[in-house]
Structure formats: structure tokens, C-alpha cells
1. Evaluate E = 1/(1 + (r/R0)^6) for ASP298 and LYS195, where r is the Cβ-Cβ distance and R0 equals 51 Å; express this FRET efficiency to the nearest 0.05.
2. Just the accessible area per residue of the chain, please: how many Å² with a 1.4 Å probe?
3. Using alpha carbons only, how many degrees (0 to 90, rounded to 10) separate the axis of helix 333-347 from the longest principal axis of the chain?
4. By how many degrees, 0 to 90 and rounded to 10, does the Cα axis of helix 310-320 deviate from the longest principal axis of the chain?
5. If you stretched the chain out fully between ARG646 and GLU44, how much longer would it get, using 0.36 nm times the residue separation minus the C-alpha to C-alpha distance?
6. When only C-alpha pairs under 8 Å and at least 6 residues apart count, what is the relative contact order of segment 553-631, in percent?
7. Projected onto the charge dipole of the chain (+1 at Lys/Arg Cβ, -1 at Asp/Glu Cβ, origin at the Cα centre), which of THR177, ALA245, GLY510 gives the Cα projection farthest towards the positive end?
8. What number, in nm² with one decimal, is the all-direction average of the projected area of the convex hull of the alpha-carbon atoms of segment 533-598?
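The values are calculated or read from the model by the stated rules, or taken from the named source; none is laboratory data. Since the structure is predicted, the reported quantities are computational estimates derived from the model, not experimental observations. Glycine also receives a Cβ, built like all others from the backbone with ideal geometry; neighbour counts cover every protein chain displayed. Just so you know, the surface numbers come from the protein's heavy atoms only, side chains and all, with ligands and any DNA or RNA stripped out. Shrake-Rupley method; radii C 1.70, N 1.55, O 1.52, S 1.80 Å.
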Amino acid sequence: MADIFLSYGHTDRAQAEVLATALAARFSVWWDKDLDAACTWRKELEEQIDGARCVVVLWSETSRDKDFVRSEASRAAQRRTLLQVCLDGEDVPLGFTESQWIDLRAWNGEADDPLLAEVLITPLEKRVRGSRSALLVGVDAYAHGTGFQAPGCASTSVDALRKLLADRDDTHFQVETLINPEKTALMKSLQKVFKDALPNDTVLLYYCGHAKLSARGDLYLCPNDSELDYLDATAISMEWIAKRALNESSASQLVILLDCIYSLTEDAVGQVDIPSILVSNLGQGQGKYVLSGSTVLDRDVAERGVPLSRLVRWFVHGVETFEADDGDSILTADEICRYVQARIEAEAPENHPLSKGFNTNSSRGEVARRTAAAPTATALRGNREFFLAIRGALDEGRLVPLVGDGVFGSGPLSSFRLVSALIETAGLEAGMRLDERYPLATAAEYLLLVFGGERGAFLKRLTTVLREQSQAVVQAQTQTHRFLAAMQSPWIIVSASYDWVFESLLEQAGLPFTVVTHILTAEDDELDGRLLVIRRGGQTPSVEVKLADNWLISDLGEHGDRIIYKIVGSPFANELADRRSGIDTVVITESDHMTFLGRLENEHTKPPSAFSRRLQKSALLFLGYNLDVWHYRLVGHIFSNEGQVRPRRRYAVRTAVSPIEERFWAQLVAAEDRLQSDCEAFVQTLGQFK
């Protein structure tokens, strides 16, 4: 749907066209050039009005008497998206006087009149983009202390979120903070922040404190003056918050962050399903996102001795670094909530964090919009020795990049987004759903079972997801690929991603190259474990099957200058093989990884000897490599000090997303050879060291 729906009378068509042109420079605009015929497709008009973020109605002497203009204005007024513009400076019609209007009689009729920017476009920016408000509540002390557990990090977590949301140029939240409020004050602030919001606004509620679950299944947030024996009177039920605050708000996006220590009242016994309780209380209405840092009983929200809760620590990190962004420089609630859940799950899986969206559209509603380059981009120049070492190896032709899905950040084609898409397209029931916290191999293993073990159906779905997400990749996310393509040939690149983005880039440039990957399975068992050698571009494209110990790079001719060793295969490589052969190269499930690792011990199916000789003389550069447990086993088996291929030195560009990944990197790459950075910033900075 468009940002702006433009309503006007037929006689004002010329002015409407000029305004539509001026507005289209900043917004998407829907308008009809002959509204007198609108009655023949009223349903579409209604959908456009209901979907628009702002309905701009042009009032004039004639349009005031047009029933369809009045009808469209009434519909927009009911949704609180109406913005009235008087072309002649006269009053708006009776029935619309409660809303303010903009006087455009001084407008000269031209699209470049500065008056438009001052009196129309600036107010529209706020209407369309929406404003952002946040209520941050921390309770670290209880007046009637018995029976309540106060998070020691409540005040510091609230302060960290306040600084993040209120003080940064890319967030712009209006923030209210409450520390140890009493019930009356908290209820008033809750009602006000949600009631005052307009359509397109974003409202964020953060609560850090104790939450009680009663025998009836009621969930209470406990302010400072809560009394255990009188929770109905002294605490605030989640049901009340949902019905009297959230569901009565006009805001298009509601973000609920819960940092609760949950516990049962004395009369409550047995097991409780906190996720189901949260969903049942908060699942009605439009545009809600709920993130709970924990959904288990009696679990503190922070690590011992750490001043911030896990939820806040990762929320702040995801926004400050934009690591949670999908690459379009607009950080949505959907992106940051999923990101935080995944990070907490990787760090403390016993907490069972919950991220859930209700009737949402993740492309709308911003938490932050990047206004400048990533903060690491300029700071990276301080790592001079690291960049000089990489530049030296690159110039000498002795650098072999090992590229992972981290080159895509957490956007399309990242393992994070692949897992999410596979889960969604599998059509699982709500109670069966996996979530994005699982490693891709684990999720794929489970989803293959959901497909009844039908490998073909599973790979077909995977291919569809990869194609769709490849189309969504923005140009900035392929900067690393363009850097790799521009390396001085001959080169070898090891790829641990399943997409064909880099290969397509080379094909579009008309460059001959070779893709080498392992055959996992085939109709002919004798082909299992052999190499699939795919030559693309140039004069002699071909597809061949080779033994790992009986193949030479020199056999490739012009295709030997650019080689991609696709170590985990790709469904797109499968498509290029003879379909009758049933060749499958994709190593994605846990079972696939186990099979593949076993094959690496065989002389005929191990990594190609031709690569081993090249790699032993080169430095290996991990670029955005996601070092989960399966990938750690893979690279440890091949590229570690005890592995089959021992590169001269190993470097890594990657921000670890969990303590276990950090430990993996510590075992694989020396600390001085690791750079905490996203790939885009690394490539930008490396360009300054020529």
C-alpha cells in the first residue's frame, strides 16, 4: 500500500497532479485522475484508504460538495489518518472541524514552491514515518518485600535503554522512565503513552521487575507497592494492560519488552506455560511484538555481576551496531526482537526467550534508521597491522578467503533468515513451531522429517527460499562479493553458503570460473563423495565428475584462474548436473554433515589435493563465517593445525554472536588475527590500505 492516498474533486485535478508529483519525491502516493468514476471500483478505493499511512484530502469550493470526497475523509478520520488541506483557505466542511487543516491558498501552484515543504511536506513526514515513544519501567525494590524478587539490574538496564532510544540520532524516541513506581503512577503512564499515540506511531514498553502467576493463570506485573496477598488491588494484570492500554491504542506498532523474574503465587502449583500465557493475553489486536528475555520460573534476567540484563545488552548491541538489520539501514521491531531472542538463546538456552509478532508487517514501523556509516567503519583503521597483513597477502596472491553467510549480516540469505523462512514455508502448527534460535543444520534436520524424509521436496523448498532471498539482497550486501571478484587472478575462494549470488555476479561480468563441490549422494553410488566440477562462462563450459586425488587445476584452462570451492554444496549446483544422475551436493542437515565429515577421511573423496598445495602456501581469511558447532567441526577437520589442509596463517573477520562461538574462534584463530567487524566495514577499510 502507498504512504499517501490523495483525495480530491475532479475540478481540482491540475493542482492534485502537481501535489502528487511533489509528494512522490519523498513518499509513495496513490491517486486517481478521475475520481468521478471511482464508484465503479469502490472496493479498491476502500483498500487503498485503509492501507495508506496518511489520507490527504484537498478541500475546495467544489470538493466540499462531493459525496465521495466526504466519504473518503470520513473513513480516514475514523482511522485517524486524515490530513486536510484547504486549497482556497476557507473552512473545512461541517463534520470535519475537529481536526486541524493546512491552508494552501498562498501556494503558487508549482511543485518547487518552498511553501509546500514548510507547511505540507514536513507535517507529512511525521504522519507517514510516525513518531516513537517509549515507557521504560524498572523495579529493583519492593516496599512489601516478602515474596518478591527484584532484579538488581533494573535501574541500570532502564538507563541503558534510555540512552539508546533518546540520545541517538538514528532512534529519536520520546522517553519516559519510571524507577520503582507505585501502581497508580504506573497505570496512568501506561494508559497515556498508548492512548496518545497516532496511527503509524511506534510505542515501546519495557518492564524489568517481578511478575507473579496466580492459580487462575493470571499474570501480574508488580510495581513497588505490590502486596502478595492483594495482587488484584496492588499489581497490574497483563489482561488489564492488553485490554485497557494496548488494544485501545491507535499506534501501528507496539513493542513489549519483558525482563521479568517470573514466580508462582503460593496457591499456584504444577507446571506453567509462560509463553502460552503471554500469547493468550497479548495476542489480540494489530501490530504487536512481544519479546521476553526468559519464559521460565525463578530465573534472573542478568548474569551474576553483570549490570545489564541479557535482553537489554543484546538489544543495545543490535541497535548500536545495526547487526540486527537486514541490510536496508532500517531496523524494524521484527528484526531486533528476533535478533535478541537468537542471541539470548545462543548464550543462555535454559532461559527459553520468546519473540512473537501478532498481525504485523515487518517492513513497516521503524525502531531505528541508520543515518551514518556503521560505527566500526572508521574505528577499524586503528587495526593497522591486521589490515597491512591482509593487504600484503592479497597483493602477493597468497590469500584464500573462506566466505560464510555472515557477509549478508542478519538479512536475506543469512542462516538466521534461512531458518526463519524454512520454518514459515513448512507450514508448521503453532505448537510445533521451531524458532530461529536453532542452528541451520538442526532446523534443516527437523524440517526434513516434517517433509516425511522426502529429500527432493525439501531441496525444492530450500531452492525457492534461496531464490526469493537472493532477489531481496540489496546492493550494499554484495560489496564483499564485488571485492572478491576484483581480486587479482588466479584465485581460489572457499564458499560455505548455499546461494549463487557470487557466481551470478561473475557470470554477469562475463568472467570464466569454476565451481568445485562434493557429491553427497547420487543415483550411482560410485559417484558418492566425488567432485562435481562445473565450468561456467568462457568458451568451453562443462560439468564433470572427478576424483579428489586425480584432478589438476591445470586441466581447467581459462576456467582455472577463478575457482570457487563450494564446500557445503548448493541446490543450484545440483541443477547444473545431469538430472538423470540424481546428484545432490547439499550438506545442510546434521546427518549430511556427519556423512560429509566421514568422507573426508577417504583419499578419493577428501578435499582436492590440488587445493591443499595452494592453501598450504597461503593465508586463510574467514569472512563472515558463522562458527556454529557443525561449521566448527567442518573447518576444524580441514583447516586447523591438525587438519588435512594447513594454511600458512589464519585470519578472521567476524563478530561472534555467543560465548561458545567466541571460544571456538579462540581455538581456531589467534587473538591478534581476529577482527570484530562486519564484512562491509572491513572491505571499505581495506580499500584505504593500498
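1. Rounded to the nearest 0.05, the efficiency is 0.90.
2. 43
3. It is inclined by approximately 50 degrees.
4. The angle comes out at about 90 degrees.
5. Length gained, ARG646 through GLU44: 210.4 nm.
6. Rounded, it is 19 percent for segment 553-631.
7. Selected residue: GLY510.
8. Working: hull surface 20.8 nm².
For segment 533-598, averaging the hull's shadow over all directions gives 5.2 nm².
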